[in-house]
Amino acid sequence: MIIWIGSYPKSGNTYIRSFLSAYYFSKDGQFNFDLLKNIKQFPNTEFFDKPIENEAEASDNWLIAQKKIRDERKFKFLKTHNFLGNYNNKPFTTLDYTLGAIYVVRDPRNVISSLMNHFSLDLDEAYNFMINEKKFTKSEHSDFSTYTHLSSWGNHYRSWALTKNFRKLIVKYEDFENNEYETFRDIIVFLNAISNRTERVDKRKLEKSIESTNFTILKNLEKNRGFSEALYSNDEKKFKTFFNLGFNNRWEKLLPKEMIKKIEISFESEMKEIGYL
């Protein structure tokens with residue numbers, strides 16, 4: 001059965017994934033990038049038996065791939081940026097294959113500048129990216145097996161937050177800065193509960209996992225070793241920094257007032273619900 005780590009792009013998914021890989025897949029909580037191989041991204045080429053030719057074929061095969069995962073009769077973490085809804089009347093996942101989910105949400109006023117860096121967008125392009133209800137991403141180096149339907153930032157959040165199909169934990173990215181230990185502890189408690197694990201939280205390993213996945217450490221690891229999930233910048237002819245600003249991404253200092261207002265108007269109801277307004 002699948003436990004999803006879901007988020008809109010550039011919202012802290014890889015941060016949680018790093019922590020979980022250190023806690024569950026190391027002996028002592030010491031993180032390294034190789035551990036991320038235990039938590040793969042879905043959808044992706046390796047989950048399909050044949051090349052995927054288009055968006056419709058991708059959505060036709062989501063549940064087929066997930067059935068194979070369920071048939072392994074193991075708990076499996078999967079990272080996804082997919083909108084949790086239907087595409088071409090085909091659901092992204094169902095209770096038959098999903099045990100639960102962690103969904104991490106981030107203030108869209110900070111998401112936008114991270115999108116700019118990651119996808120080489122200007123400010124208006126990043127804003128249009130976030131409000132586009134038909135938005136999708138796909139690796140330019142693969143077929144449609146990497147096709148990910150995003151929708152808008154607001155639709156994406158609501159699709160995960162409002163689902164009653166399975167148990168979920170909604171986590172705010174900002175809580176990793178303000179209540180780091182408690183937030184990560186709550187994630188482990190939630191995961192142990194939905195997977196019927198009886199052991200208590202290993203405090204020592206928890207603390208080490210938090211320490212070894214500190215944003216500064218992740219940034220230095222990328223600087224020294226590179227990071228396979230960083231994207232290539234055609235303009236600069238080099239890989240862009242994946243772990244860029246982290247908690248130093250402050251919309252109050254980085255965004256013009258006009259853009260702040262546009263984002264707040266576009267996502268007013270969701271931002272009020274989460275506590276960003």
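The values are calculated or read from the model by the stated rules, or taken from the named source; none is laboratory data. Bear in mind the structure is a predicted one, so any value in this text is a computation, not a measurement. Positions of Cβ are backbone-derived with ideal geometry, glycine not excepted, and every protein chain shown enters the neighbour counts. These accessible areas exclude ligands, DNA and RNA; they are computed on the full protein's heavy atoms, side chains included. Shrake-Rupley method; radii C 1.70, N 1.55, O 1.52, S 1.80 Å.
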Order the following by accessible area, largest value first: R158, R200. Probe radius 1.4 Å; ligands, DNA and RNA are ignored. R200, R158
Calculate what fraction, in whole %, of the accessible area of the range 59-208 sits on carbon and sulfur atoms when a 1.4 Å probe is rolled over the protein chains. 45 percent
For Q41, other-chain or 5+-apart residues with amide H closer than 5 Å (H placed, Pro excluded) are K79
Quick one: how many Å² of V201 are accessible to a 1.4 Å probe, rounded to 10? 50 Å²
Mean separation of Cα contacts under 8 Å (at least 6 apart) over the residue count of the chain, i.e. the relative contact order in percent, is 24 percent
Sort Y24, Y147 from largest to smallest accessible area, using a 1.4 Å probe on the heavy atoms of the protein chains. Y24, Y147
Output the relative contact order of the range 1-160, whole-number percent, from Cα pairs under 8 angstrom with separation of 6+ residues. 34 percent
Keeping all protein chains in place, calculate the accessible area per residue for the chain (probe 1.4 angstrom), answer in Å². 50 Å²
Rounded to the nearest 20 debye, dipole of the range 104-146 from Cβ charges on Lys, Arg, Asp, Glu: 180 debye
Amide H partners (placed H, <5 Å) of L169, local residues excluded: A101, I102, Y103
Report the label-to-label distance for S142 and E180 in nanometres (one decimal), using points 7 Å from each Cα along the Cα→Cβ vector. 3.2 nm
Below 8 Å between Cα atoms, with a sequence gap of 6+, how large is the relative contact order for the range 75-170 in percent? 38 percent
Dipole magnitude (debye, nearest 20) for the chain, charges at Cβ of Lys, Arg, Asp, Glu: 740 debye
Quick check on the chain: of the DSSP beta bridges with both residues there, what percent are antiparallel, nearest 5%? 25 percent
W4 - accessible surface, heavy atoms, 1.4 Å probe, Å² rounded to 10: 0 Å²
Mind checking which of I188, F77, M116 is farthest towards the positive end of the chain's charge dipole, using Cβ charges of +1 (Lys, Arg) and -1 (Asp, Glu) about the Cα centre? I188
Simple SL model, points at 7 angstrom along Cα→Cβ for D71 and R250; separation in nm is 5.4 nm
